[in-house]
1. Take the residues in region 294-306 that are of a type outside the set (S, T, Y) and open to solvent by less than 20 Å² (accessible area, probe 1.4 Å), then tell me which one is nearest to D231 (Cα to Cα).
2. Only one of (1) out of contact with any Ser or Thr (no Cβ under 8 Å at 6 or more places or on another chain); (2) within 24 Å of D298 (Cβ to Cβ); (3) more than 16 Å from the ligand (Cβ to nearest atom) fails for T425. Which number is that?
3. Here are some conditions: (1) open to solvent by 80 Å² or more (accessible area, probe 1.4 Å); (2) over 36 Å from the mean Cα position of the chain (by Cα); (3) assigned by TED's automatic domain parsing to the domain that holds A540. T579 meets all but one. Which one does it not meet?
4. Please go through region 385-411 and give me each residue that is assigned to a loop (DSSP other than H, G, I, E, B), crowded, with 22+ Cβ neighbours inside 10 Å and of a type in the set (A, V, I, L, M, F, W, C), ordered by number.
5. Can you say whether V164 is of a type in the set (A, V, I, L, M, F, W, C), in contact (Cβ under 8 Å) with a residue 40 or more places away in the chain and either in contact with a helix residue (DSSP H, G or I) (Cβ under 6 Å, 6 or more places away or on another chain) or at negative phi (or both), as far as the supplied structure shows?
6. Filter region 217-256 for residues that are in a loop (DSSP other than H, G, I, E, B) and of a type outside the set (D, E) and give the result.
7. Considering region 283-293 alone, what residues qualify as being open to solvent by 10 Å² or more (accessible area, probe 1.4 Å) and within 14 Å of the ligand (Cβ to nearest atom)?
8. Go through L214, L202, L256 for me and flag whichever is buried (at least 17 other Cβ atoms within 10 Å of the Cβ), without any contact (Cβ under 8 Å) to a residue 40 or more places away in the chain and away from the ligand (no atom under 16 Å from the Cβ).
Amino acid sequence: MKRRFGSLFLAAAFVVIYAESAAAKARPDNAPTSTITLSVDATEAPRKLFHARMTMPASPGPMTLVYPKWIPGEHGPTGPIIDLAGLKITAGGKTITWRRDDVDMYAFHFEVPAAAKEIQVALDFLSPTFAGGFTAGASTTAHLAIVTWNQLLLYPEGANVSDVTFKANLSLPAGWKFGTSLPVASQSASKVDFAPVSLERLVDSPVLTGEYFLVIPLAANPPNEIDIAADNNADLAISPELATTLKRIVSEAVSLFGATHYTHYHFLLTLSDHTAHFGLEHHESNDSRVAERSLLDDALRDVSLGVLPHEFVHSWNGKYRRPAGLATPNYQEPMKGELLWVYEGLTQYLGNLLSARSGLWTSPQYRDHLAESAADLDHKPGRLWRPLIDTTIAAQILYGSPAEWNSLRRSVDFYDEGWLIWLDTDTKIRDLTGGAKSLDDFCKRFHGAPSTAPMVKTYVFDDVVATLNEVAPFDWRTFLQTRLNSTDFHAPLGGIERGGWKLAYQATPNGVLKDQEQVRKFTELGFSIGLRLNEDGSIADVIEGLAAAKAGIGPGMKLIAVNGKAYSAEILRDAVKATTDPRQRRIDLLIDNEGHIENHQLSYGEGEKYPVLERDASKQDLLSKIIAPSTWAR
Ligand SMILES: [Zn+2]
């Protein structure tokens, strides 16, 4: 839904320039300027309550303020309007009556009284306890908080966010430290005054604050650091090896792109079991939230810390180079996701590449992750109706899609299928040029020199094709469009094969799958009988066409017993394993289907099957070359 208020009065102080390219959005020198002040009180963050007060210029007459809706990097209308409370608008101490728009829940209309030159806006943000979602999910605990500015402000409807200046200050709980890429003007014991910045930069610069806080410098020229807040002081005990690995993520990324587009970068890492877990990219920082023991536990490191190189890559791919459809003039304008297979897909490829090149993952771990993602995509009957390009266009609804029938619906597959397509592209470039060129050369051209301060350079599909052609002439348009529009049952595995490996299945889970099962508490039998189970035996997903689906089993049912024995993951695995014996090719499952107890018989005879990459000795091992470090020796 999109609605403009073109006929309504717009505060004269705000110049609105709509332009295709965000690079062309600079405010003319002679334009009038005015600053909105924003005071955020985060002292009650541990009880999940923020208070904000704003003073902004206004002119008498009708005015509309809006709450940010389309959040950059979340690729959808995820602004948590439901958690906005306490809205009071005043002028000269007198209350102004507001009325929400009847259609656009994010817009508030009111009348600025005669002679008023400015208005005051007060609001509360009710910080959620819900641990899902992105920044709109749980963001505060007893010991830490992430301050996400777009949740704490309103701005004039129709404004271009690069033209509105905000001067923010932040009050923190006593003794809490903080990290942010926002420039600090001054600070006292528990209040920080930030320098005036555009609304665009403010929203792009969250603040991580907490009682237990660690800062590790990662690089100089330009400076780069990781700021870590934890619920427990003991969780900050990072090993020297891991600290060195984090530094290598930076040096390998800078080596890959050959230039930077930030002045001082901050990894903002939250270690908590009580916040949402995800990563959100910003130009000069990232907001990454992982389980509290992720720096200490090997399985958590394997499963969770790949978010750090991924979000760092976005400083180049997503923030600096941004699809035109995602570079909107403000947060009310809908975003178009059709190039997310580049924005997120290439970032997935490069982020995982950096996980391997930095040593965050071993080479076998990289291959195990790749095998797991490739096998998952190769077992999705939803591919038969939904081409990858539709997952990008529908990203705004797919991010919230449930686990059940993921195999038939598909989800935000442009991440992992992007990994496969860009591996396909990288190996193809190496093939075409006899090994002289690679996707690294594409990155240097597309994202690299000259180094700049944060800026946006937009692109369209043709720009991607043109740059690939500069690296290695080929019909890249057809190459990419075939993969984006395919409704073939099988995933694009050409890159793995050209890389000298084959997707195969073995009788034991690979190391990464074991880590994932342990951390995410599920049982993966999708590649054998077509079942994915939660820890309690409830069925998360069923793969259409495989044994469990053929036996009439669906998501939401719960396994009670396997061949007459009470269900456990081990008992089910043993029963699947035993099917390699021709006399045991039937598994009897007792199932609770929402209160109705049912018997289901599976016919199956292939034993346990888990994905693995096997070396194809007839080809050279390009994959190992691709993931080899360039700034240190393994
Ligand atoms: Zn991403």
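The values are calculated or read from the model by the stated rules, or taken from the named source; none is laboratory data. Computed from a prediction, not measured in an experiment: that's the story for all the values here. So basically every Cβ, Gly included, is an ideal-geometry build from the backbone, and we count neighbours across all protein chains shown. Protein only, heavy atoms only, side chains kept; ligands, DNA and RNA dropped before computing areas. Shrake-Rupley method; radii C 1.70, N 1.55, O 1.52, S 1.80 Å.
1. Kept after step one, since they are of a type outside the set (S, T, Y), are these residues of region 294-306: 295-303, 305-306.
Within this subset, residues satisfying the condition of being open to solvent by less than 20 Å² (accessible area, probe 1.4 Å) are 295, 299, 302, 305-306.
On the way: L295: 13, A299: 19, D302: 21, L305: 17, G306: 21 Å.
Only one residue fits best here, namely L295.
2. (2)
3. Going through the list (1) open to solvent by 80 Å² or more (accessible area, probe 1.4 Å); (2) over 36 Å from the mean Cα position of the chain (by Cα); (3) assigned by TED's automatic domain parsing to the domain that holds A540, T579 breaks only (1).
4. Here is the first cut: in region 385-411, the residues assigned to a loop (DSSP other than H, G, I, E, B) are 385-387, 394, 399-405, 410-411.
Filter once more, so that each one left must be crowded, with 22+ Cβ neighbours inside 10 Å: 410.
Passing the criteria: none in range.
5. Details: of a type in the set (A, V, I, L, M, F, W, C): yes; in contact (Cβ under 8 Å) with a residue 40 or more places away in the chain: yes; either in contact with a helix residue (DSSP H, G or I) (Cβ under 6 Å, 6 or more places away or on another chain) or at negative phi (or both): yes.
Yes.
6. Here is the first cut: in region 217-256, the ones in a loop (DSSP other than H, G, I, E, B) are 220-223, 231-232, 237-239.
If the condition is that a residue be in a loop (DSSP other than H, G, I, E, B) and of a type outside the set (D, E), then A220, N221, P222, P223, N232, A237, I238, S239 are the ones that fit.
7. Across region 283-293, the qualifying residue is only H283.
8. Working: L202 fails: without any contact (Cβ under 8 Å) to a residue 40 or more places away in the chain; L256 fails: without any contact (Cβ under 8 Å) to a residue 40 or more places away in the chain.
Only one candidate qualifies: L214.
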